[in-house]
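Worksheet for the structure shown next.
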Amino acid sequence: MKKPERTQSTLMSLTTHWSMMLSALLLLAGCAGSSRTMMPVPNVYTGDSPRELFQELPEELRGSELDLLYVTDRAPETDSEENLVYGSGRSHSPAFGSAVVRILPDMDWDQLVRVSLEKDRSTKLKMEMASIEELGRFPETPPPLILIDGEARLDPSNRDQATESERIFRAEVRRRLKRSPRSEILVFVHGYNNDFDDAAFTLAETWHFMGREFVPILYTWPAGKGGPSGYIYDRESGEFTVHHLKNLIEDLSNIEEVEAFHMIAHSRGTDVLTSAVRERALVARARGKEVPDKLRSSHIILAAPDLDLDVVSQRVVAEQLGRETQNITIYTSQTDKAIGIAESMFKSVKRIGRLDADDLTSRQLESVKYIDGISMVELQEVEQRKASHSYFHSDPAASSDLILTVRYGLEPGAENGRPLKPLEANFWQIEPGYPESNVARD
């Protein structure tokens, strides 16, 4: 009779442990709300030799409202005032549209630029969702079958809807490209427990400090379920959404006017993005083709990746994903508590978001050294600065390196204008005060 009691006690202990871990993840990794304070000004725009932020920006891209093109397979809902919103439910028919983020308080353009660039802002800048407008919807996946002459075939109306929705989507991308200073696209894929608004805020502020020079596209998937089991739901939503993101990458690749598209993924979003790119690459290989040059020459940013090292070694490294994606930057931090909790919860040997050179064997380091185009960039661990899980935009040093990488296309190294501290192999480090502190050291 004692054995069942002991088993039940063990199960209760495990349940309590998992609930505590999931709740901690919810607090550390999630961020949701109808408004948020804007990120600090990146160091690259302050100091003795600041970069210029808004030179020759078209009038229609100025102002306190940032218009993002979104693609989502979140299920549509309405709020208490009958406004369109997107929750954590899943939709088999992805939608696309315009999400406008407003910066508050209201001020003229010159004042907004000045306050944006203040290290200690005289006025706190906040962001709120101003409007969401759905412009179209892609057909349902998997496509429905109907009987035609006694045979099960794809519904022709589904193909017609696909053609029309692709036409509208591509026309909208082209419209935005025409007013953009650069014929390039910036795609953002958020992570665990982010709702639609918070993901939009992250892209809006990142695009703002990229000089508003790209066409910003928010890819938002059904995350943000919340509660102790929210992480599990979000992980499976991440698997659900891969097919739709893969289709988006395909669509963008086929728009002739797009010269390059850069993709930033955060946390669990890194699994979504790498899976989509991997599947896209494997399909191209099976057809005896290479992926488009637009993908090969673009930047892929994996920020605080919630990925198991052993899984990545098989699904990315062993598959030689680098053949198709020549510019990959991976941001890591030893003080990222959310990644640490995931590491403990899944009993990982190591998760990529906390990886540094000391975690690899000499043989592994030797192999990493010969992988072109992939950089591991660690935010230096210091007592005065404990990185949050969102450090790629909340830390002024880390956001500076993101800007030097994507906006300016600089390779690592002081000689290239991106003065990261070189470590072993393809590992680099961001020191406090970067980039000026690194320049002074060199």
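What to note about this one:
- Selection status of LEU379, closer than 21 Å to HIS266 by Cβ, modelled with pLDDT of 95 or more, crowded, with 22+ Cβ neighbours inside 10 Å and more than 17 Å from the chain's Cα centre (by Cα): no
- All positions within region 168-188 that are part of a strand (DSSP E or B) and not charged (D, E, K, R): ILE185, LEU186, VAL187, PHE188
- Selected residue (criterion: surrounded by the most Cβ atoms within 10 Å (Cβ to Cβ)) from residues of region 399-416 that are under 18 Å from the mean Cα position of the chain (by Cα) and assigned to a helix (DSSP H, G or I): ASP401
- Of all residues in region 239-274, those satisfying the criterion of being free of Cβ contacts under 8 Å to residues at least 40 places away in the same chain and not in a loop (DSSP other than H, G, I, E, B) are GLU239, VAL242, LYS246, GLU250, ASP271.
- Flag for ALA204 being closer than 19 Å to SER131 by Cβ, small (Gly, Ala, Ser), assigned to a helix (DSSP H, G or I) and in contact with a Pro (Cβ under 9 Å, 6 or more places away or on another chain): yes
- Residues in region 338-380 that are part of a helix (DSSP H, G or I), among the β-branched types (Val, Ile, Thr) and within 24 Å of THR405 (Cα to Cα): ILE339, ILE352, VAL368.
- Residue within region 98-115 that is within 30 Å of ASN43 (Cα to Cα) and basic (Lys, Arg) present: yes
- Of all residues in region 341-359, those that are buried (at least 18 other Cβ atoms within 10 Å of the Cβ), in contact (Cβ under 8 Å) with a residue 12 or more places away in the chain and closer than 17 Å to VAL312 by Cα total 7.
- VAL277 meets the conditions (1) at pLDDT below 90; (2) surrounded by 20 or more Cβ atoms within 10 Å (Cβ to Cβ); (3) assigned to a loop (DSSP other than H, G, I, E, B) in every case but one. The failed one is (3).
The values are calculated or read from the model by the stated rules, or taken from the named source; none is laboratory data. Predicted, not measured: the structure shown is a model, and the values here were computed from it. FYI the Cβ positions are ideal-geometry reconstructions off the backbone, even for glycines, and counts take in every protein chain you see.
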